[in-house]
1. What is the spin-label model distance, in nm, from Ser85 to Ser142 if the labels are put 7 Å beyond Cα along the C-beta direction?
2. With labels modelled as points extended 7 Å from the Cα through the Cβ direction, what inter-label distance (nm, one decimal) is found for Phe221 paired with Thr48?
3. Given the C-alpha centroids of segment 165-236 and segment 48-69, what is the distance between them in whole angstrom?
4. Between Ser76 and Asn190, what FRET efficiency comes out of the Förster formula 1/(1 + (r/R0)^6) with R0 = 30 Å and r the beta carbon distance, rounded to 0.05?
5. Against the 2.2 N^0.38 Å scaling, with N counting residues, where does segment 185-243 land? I'd like the Cα-based Rg ratio to two decimal places.
6. For His197 paired with Leu57, estimate the spin-label separation in nm (one decimal), with each label point 7 Å from Cα along the Cα-to-Cβ line.
7. So which trypsin sites (Lys or Arg not before Pro) in segment 58-129 are both in a DSSP loop and have at most 13 other Cβ atoms within 10 Å of their Cβ?
8. Determine the shape class of segment 73-118: with a ≥ b ≥ c the square roots of the Cα gyration tensor eigenvalues, call it rounded for a/c under 1.5, and otherwise prolate if a/b is greater than b/c, oblate otherwise.
Amino acid sequence: MSRPDQSITFLSTLGYSVVSLPRSDIKPGQTLLRTGKKQLNRLGDLATIMTAGADPLPAVSADNLAPTGVSGQQSSSVNLNIGVSILGNILQALTGKNLDLSAGFKNTKSVTFAYEDVLEDHIALDQLDLFLTSATLKAGKSVSDAFNNDNIFVLISTIKSQKITVTAQGDNNVSASVDVPVIQGVASGNLKVDLSHAAQSKVTFEGNTPIIFGFQAAEIFTRDGQFSTVNPSDPGKMALRDIHGQIAPTFLDLRGEGVFFHLSDDGNSAEATKAGGV
């Protein structure tokens, strides 16, 4: 059995799923549409597909201190190739530029990430439940069919930061040296870089604007064409990825079907693998 994809699961110990390409415009209350059992595309805000009944749209509570254990907590360790890709996506979101820092970690086998000063936005699950109970669907046939077939998800929490610390590890998880001049040369002028703990194999990068790097989502379930319940999805079972301007997960845990579906970059072809690893 192959190992789970670390780029999808490395935030699961913190209780969140990964935004593979971090960005600033992801927020709670956005909906995701599962299409063909193989991908989720951004559908729109709840207000665009639902008309409120007796209970209003759940309000977004913004800029809260992150749940205990998220801010400053190290992620799962990932191998260098995946780690460099993750770091590149984060730094591109922070700076708008493609910064390749792989040469700065050339003696590294694996890395961990710690997001600093993390803030969290969320909607309350009980308020979402009340809203869905009294709301009516105002979408067209395709979305109505998706609603009736339990193919709509709602983002309920996002976490964001503008500062990340990377810790390099060598063989057997011992500290690995980082190339300070290389990192300074690549990152200089694009973002703040704290190398004061480079001797401990730690480098901290800081941008100007917080970016969303993790999320929690809930699936809407129906019965006989009516809303039944809303159920939070397990962290680490999907990841949001920007494909042709849309948010879509690269992996989706298909309830009760025992497989993962891996999406190609064009969002069309898929490769099925057995549950428990990809």
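Each reported figure results from applying straightforward, stated rules to the coordinates on display, with no laboratory input. Everything numeric in this text was worked out from a predicted model, so none of it was measured. Counting neighbours? That spans all protein chains shown, and the Cβs are built from the backbone with ideal geometry, glycine included.
1. 2.9
2. The two pseudo-label positions are separated by 2.8 nm.
3. Here the two parts' Cα centres lie 24 Å apart.
4. Values: r = 27 Å, r/R0 = 0.90.
It comes out at approximately 0.65.
5. On the way: Rg = 20.3 Å, N = 59, 2.2 N^0.38 = 10.4 Å.
Ratio of Cα Rg to 2.2 N^0.38 Å: 1.96.
6. 4.0
7. Working: sites: Lys97, Lys106, Lys109; in loops: Lys97, Lys106, Lys109.
Passing sites in segment 58-129 are Lys97, Lys106.
8. Details: a/c = 2.20, a/b = 1.05, b/c = 2.08.
Cα axes put segment 73-118 in the oblate bin.
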